[in-house]
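Q: Input: one structure, supplied below.
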Amino acid sequence: MSESKNTLRLGLPKGSLQEPTLELLKRAGFNIVVSSRSYRPTVDDDQLELRLLRAQEIGRYVDHGFLDCGITGRDWIAENNADVEVLTDLRYSKATSKPTRWVLVVPDDSPVKTVKDLEGKRIATEAVDMTKAYLAKHGVSAEVEFSWGATEVKVPELVDAIVDITETGSSLRANKLRIVDTLMESYPQFVSSKAAYADAWKREKMETLVLLLKGALEARDKVGLKMNVPASSLDKVVSTLPSARSPTISQLATPEWVAVETVIAEAVVREIIPRLKSLGAEGIVEYPLNKIVH
Ligand SMILES: Nc1ncnc2c1ncn2[C@@H]1O[C@H](COP(=O)(O)OP(=O)(O)OP(=O)(O)O)[C@@H](O)[C@H]1O
Ligand SMILES: O=P(O)(O)OC[C@H]1O[C@H](OP(=O)(O)OP(=O)(O)O)[C@H](O)[C@@H]1O
Ligand SMILES: [Mg+2]
């Protein structure tokens, strides 16, 4: 076991968050290979030592110091009451960039309208403590039973309501379920043990990782756009571009033309390009971005 000072042991979540997390690390510049059945992925950075663990357990293992740091959902860090340093929220999810939501859910045709209607009833969930704390906050006394998963199938035959995860809502629709309330929103977080945070080398390594991960996330839905524009329509072109900062404008060799370069949301490109074209822009080039670091 290499316990040398210059190694950072990072836990990555197996399960729902595995693929999006490896994809994000790849965009951040780290190529990770997970061979089948192996929970020790390899990475092209010999200062990193990786472990794949259940998302539910990473917070606890960081707290206890088996891992220096880890990426896992804020929901499980809170549920485990893990005493860790949160370096950052990482705004990605399984399928979209929306957060995971833990929701109180009943069958579409249930008479339950608010949490108060669950007085004396039964609720199944994987997040028992979160659910108990929520009921206590609302002064409702109901039985909360732990569910190992496939929780949607348990209403209405086994329980009156469930508290489960939703992202896109498709599982709820498929199971004809209705949301009564939201208990928590969660994104993955990058967390560190107190000891790793106090170690100058580890802390710097983690801060670099966080910078690269955030840069990769920031660039994810954006593209670069550059074009040549007649100087006479420059003002109109600039007001068409929804850039957060002003675009870069450079003079071309011919005085009547300028080059414009900017970063915009990929979602608006298909509307903007025809407008730029109609304003006389030429040589419009759209290119992908790997990272944006502010
Ligand atoms: N559909 C989803 N969309 C976004 N995030 C999700 C989704 N499902 C789970 N997550 C997030 O992934 C983490 C792990 O989720 P969960 O507890 O459901 O375990 P899992 O990895 O899906 O394994 P399993 O559900 O099979 O036990 C949590 O932090 C959760 O917020
Ligand atoms: O709103 P949606 O986008 O449909 O996401 C919600 C689903 O995602 C999770 O399941 P997961 O993929 O973790 O499988 P699981 O049933 O094994 O937990 C969760 O338990 C829901 O079933
Ligand atoms: Mg799951």
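Q: Got the relative contact order for the chain handy, in percent, Cα pairs under 8 Å and 6 or more residues apart? It would help to have the intermediate numbers written out before the result.
A: Working: 567 pairs, mean separation 56.9, N = 294.
Contact order relative to length: 19 percent.
Q: Starting from a Cα-only point model with no solvent, please compute log10 I(q)/I(0) by Debye for region 221-288 at q = 0.11, 0.12, 0.22 1/Å.
A: -0.21, -0.25, -0.87
Q: Straight-line reach from Lys116: which lysines have a Cα under 24 Å away, not including same-chain ones fewer than 8 places off?
A: Once the sequence-local lysines are set aside, what remains near Lys116 is Lys132, Lys137, Lys154, Lys176.
Q: Which FRET efficiency value, to the nearest 0.05, is calculated for Val268 and Lys137 with the Förster distance at 45 angstrom and r the Cβ-Cβ distance?
A: On the way: r = 41 Å, r/R0 = 0.91.
For R0 = 45 Å, the calculated efficiency reads 0.65.
Q: Still on this structure: Near Lys202, which aspartates and glutamates are there with a Cα under 15 Å away, not counting those fewer than 8 places off in the same chain?
A: Glu3, Asp45, Asp46, Glu49, Asp68, Glu85
Q: How large is ³J(HN,Hα), in whole Hz, for each residue of region 144-156 in order, when computed from phi with the Karplus curve 6.51 cos²θ - 1.76 cosθ + 1.60 and θ = phi - 60°, using x for Gly and Pro?
A: Here the 3J(HN,Hα) series is 10, 10, 6, 10, 7, x, 6, 5, 4, 6, 7, 9, x Hz.
Q: Still on this structure, I have one more. Using Cβ counts within 10 Å as a stand-in for footprinting exposure, how do Met184, Met227 rank, fewest first? Mind dumping the intermediate values first?
A: Numbers: Met184 20, Met227 23.
Placing the least packed residue first, the sequence is Met184, Met227.
Q: Considering the Cα trace of region 100-185, what is its radius of gyration and what is Dmax, both in angstroms?
A: 11.3, 31
Q: Return the lysines within reach of Lys14: Cα separation strictly under 21 angstrom, same-chain partners fewer than 8 residues apart disregarded; answer none if there are no such residues.
A: Lys26, Lys94, Lys98, Lys214
Q: Along the positive direction of the dipole of region 1-147 (beta-carbon charges: Lys, Arg +1; Asp, Glu -1; about the Cα centre), which of Leu118, Gly11, Ile32 reaches farthest?
A: Projecting each Cα onto the dipole axis, the largest value belongs to Leu118.
Q: Can you list residues whose amide H is under 5 Å from Ile292's amide H, if they're 5+ apart or on another chain and H is modeled 1.01 Å from N?
A: HN-HN under 5 Å from Ile292: Ala216, Glu218, Ala219.
Q: A further question on this structure: Please report the relative contact order for region 101-193, taking Cα pairs under 8 Å with a sequence separation of at least 6, and give it as a percent rounded to a whole number. Intermediate results must be reported in sequence, preceding the final value.
A: On the way: 159 pairs, mean separation 43.2, N = 93.
Computed over region 101-193, the figure is 46 percent.
Q: Give me His138, His64, His294 ranked fewest to most by other Cβ atoms within 10 Å of their Cβ, as a rough exposure proxy. Kindly include the intermediate steps, with their values, before the conclusion.
A: Details: His138 14, His64 11, His294 8.
If I rank by nearby Cβ atoms, fewest first, I get His294, His64, His138.
Q: Right, here's the next one. Under a Cβ-only charge scheme (Lys and Arg +1, Asp and Glu -1), can you give me the dipole magnitude of region 221-288 about the Cα centre, in debye to the nearest 20?
A: Details: 7 positive and 8 negative charges, 17 e Å.
About 80 debye.
Q: Another question about this same structure. Please give the FRET efficiency for Val33 paired with Glu185, using the beta carbon to beta carbon distance and R0 = 30 Å, rounded to the nearest 0.05.
A: Working: r = 33 Å, r/R0 = 1.09.
The calculated FRET efficiency here is 0.40.
Q: For a quick check: sort Trp201, Trp76 by the number of other beta carbons within 10 angstrom, fewest at the front.
A: Details: Trp201 13, Trp76 24.
Sorted ascending by nearby Cβ count, the order is Trp201, Trp76.
Q: Explain nothing, just compute: Karplus ³J(HN,Hα) = 6.51 cos²θ - 1.76 cosθ + 1.60, θ = phi - 60°, for every residue of region 37-48 in order, whole Hz, x for Gly and Pro.
A: Rounded to whole hertz, the list is 6, 9, 9, 10, x, 9, 9, 7, 8, 6, 8, 10.
Q: Return the whole-Å distance between the Cα centroid of region 6-25 and the Cα centroid of region 202-242.
A: Between the Cα centre of region 6-25 and that of region 202-242, the gap is 25 Å.
Q: Which one, Val285, Ala265, Leu213, projects farthest toward the positive side of the charge dipole computed for region 181-294 from Cβ point charges (K/R +1, D/E -1)?
A: Result: Leu213.
Q: If you don't mind, another one. At 7 Å along the Cα-to-beta-carbon direction for both Val285 and Ala95, put a label point, then send me their distance in nm to one decimal.
A: For the pair Val285/Ala95, the computed spacing is 3.7 nm.
Q: In addition: Can you find, among Thr240, Trp201, Val223, the residue sitting farthest towards the positive end of the charge dipole of region 179-267, where Lys and Arg contribute +1 and Asp and Glu -1 at Cβ?
A: Projecting each Cα onto the dipole axis, the largest value belongs to Trp201.
Q: Roughly how many debye, to the nearest 20, is the charge dipole of region 59-143 about its Cα centre, given +1 on each Lys and Arg Cβ, -1 on each Asp and Glu Cβ, and no other charges? The partial results should precede the final answer.
A: Numbers: 12 positive and 14 negative charges, 68 e Å.
Taking the Cα centre of region 59-143 as origin, the dipole is about 320 debye.
Q: Mind checking the dipole of region 100-185: about its Cα centre, +1 per Lys or Arg Cβ, -1 per Asp or Glu Cβ, Debye to the nearest 20? Don't skip to the answer; put the middle values down first.
A: Details: 11 positive and 15 negative charges, 37 e Å.
Roughly 180 debye, rounded to the nearest 20.
Only the coordinates and a few stated rules stand behind these numbers; no lab work does. Every value quoted in this text rests on a predicted model; they were computed, and no experiment measured them. Cβ atoms come from the backbone with ideal geometry, glycine included; neighbour counts cover every protein chain shown.
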